[in-house]
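The structure follows.
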Amino acid sequence: MNLPCKGSIIVCLVLLLAPFERRLEGEESPSAIVPGSVVRWSADEIERCGKGGHRWAPLGDACLFPISLTERGSVRVAIRRSGVWKEISLKIGAYPYPVQRLTIKDNSKVDLSSEDLARVRRENRKIGALWRQGGDRSFKLPLAPPLAKLPAGGRFGSQRIINGTPKSAHSGADFAALKGTPVKAVAGGVVKLAEEHFFAGNSVFIDHGDELVSMYFHLDEILVEEGQEVQAGEVVAKVGSTGRSTGPHLHLGFRWHGAKVDPALLLGPVEDLPEIGR
Ligand SMILES: [Zn+2]
């Protein structure tokens, strides 16, 4: 990369970001945004979409902005048209998801030993490297269903209290299914991880380009390998109950541009996403 400066990395960053910041026009959006949602800004001839220093290509005549479950306060999103950035500030609404109390019989999956804690940290570091790999978009919205018969997915965002201890919010959707039910890729992509994790059990992570990663957890069996290219609808695994799980189900999760978003929104019509730009 050709940097416009030499020496201090901070000076470099300021110089790189300055043109972007100068062209912004501040504006408040009218209504509060739900954490974990995806919002849509439609306009003619959008060239780029921007949020938090990241930019990406529009989807047709709209920029879609994933708003992470963990987002609080406000976020700024921007579109570029004819070389000019326009930015609006989105107010994040109150956390809308319920508290869920769960009992896990195997308490070693709740109060972790130091070895298990070290393992979880290692796994989290490995997973964290997947979110921002970029690459060309290889998916269309809505995404393909991960199960042939898709029941209503549940519990996205629920604040979990497991065996009486508050844990992090549930960042995917759980779909009830029988053990052995085929699990299908929601879009074409490349398998980035296919291995057993402490909490998620047998897990598959697929990179679909445009910083979208789909995750399939608690699998009974993994049928793909790391580095393998898959097509939308291809069977990649079988439903199970491995890891910290209370029974056979598919846990489906997404990260898009680093944000944890409700899977139901990417599996449903794009037109249903709230419009913020008009
Ligand atoms: Zn789950």
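The values are calculated or read from the model by the stated rules, or taken from the named source; none is laboratory data. The structure presented is a predicted model; accordingly, all values stated were derived computationally and were not measured. Backbone-built Cβ (ideal geometry, glycine too); neighbour counts: all protein chains shown.
Picking from L143, L193, L212, which residue would you name as being touching a helix residue (DSSP H, G or I) at 6+ places or on another chain (Cβ under 6 Å), closer than 20 Å to L130 by Cβ, more than 16 Å from the ligand (Cβ to nearest atom) and not assigned by TED's automatic domain parsing to the domain that holds G60? Give the derivation first.
On the way: L193 fails: touching a helix residue (DSSP H, G or I) at 6+ places or on another chain (Cβ under 6 Å); L212 fails: touching a helix residue (DSSP H, G or I) at 6+ places or on another chain (Cβ under 6 Å).
None of the others qualify; the one that does is L143.
Could I ask something else about it? Name every residue in the stretch 222-278 that is more than 20 Å from I206 (Cβ to Cβ) and more than 16 Å from the ligand (Cβ to nearest atom), in order of residue number.
Once the filter is applied, which keeps residues that are more than 20 Å from I206 (Cβ to Cβ) and more than 16 Å from the ligand (Cβ to nearest atom), the stretch 222-278 yields P269, V270, E271, D272, L273, P274, E275, I276, G277, R278.
Of the numbered conditions (1) in contact with a helix residue (DSSP H, G or I) (Cβ under 7 Å, 6 or more places away or on another chain); (2) more than 12 Å from the ligand (Cβ to nearest atom), G172 satisfies every one except a single condition; which is it?
The single condition G172 does not satisfy is (2).
Out of the strands (runs of 3 or more DSSP E) lying entirely within the stretch 48-123, which hold 1 or more residues that are of a type in the set (D, E)? Don't jump to the end; show me each part of the working.
Working: elements: 48-51, 54-56, 62-66, 74-81, 84-91, 99-102.
Correct list: 84-91.
Out of the stretch 155-199, which residues are under 19 Å from N124 (Cβ atoms) and touching a residue at least 60 places away in the same chain (Cβ under 8 Å)?
Correct list: R160, I162, A169, H170, S171, G172, K192, L193, H197, F198, F199.
Checking I127 against (1) within 22 Å of the chain's Cα centre (by Cα); (2) part of a loop (DSSP other than H, G, I, E, B); (3) within 29 Å of H197 (Cα to Cα), which single condition isn't satisfied?
So the condition that I127 fails would be (2).
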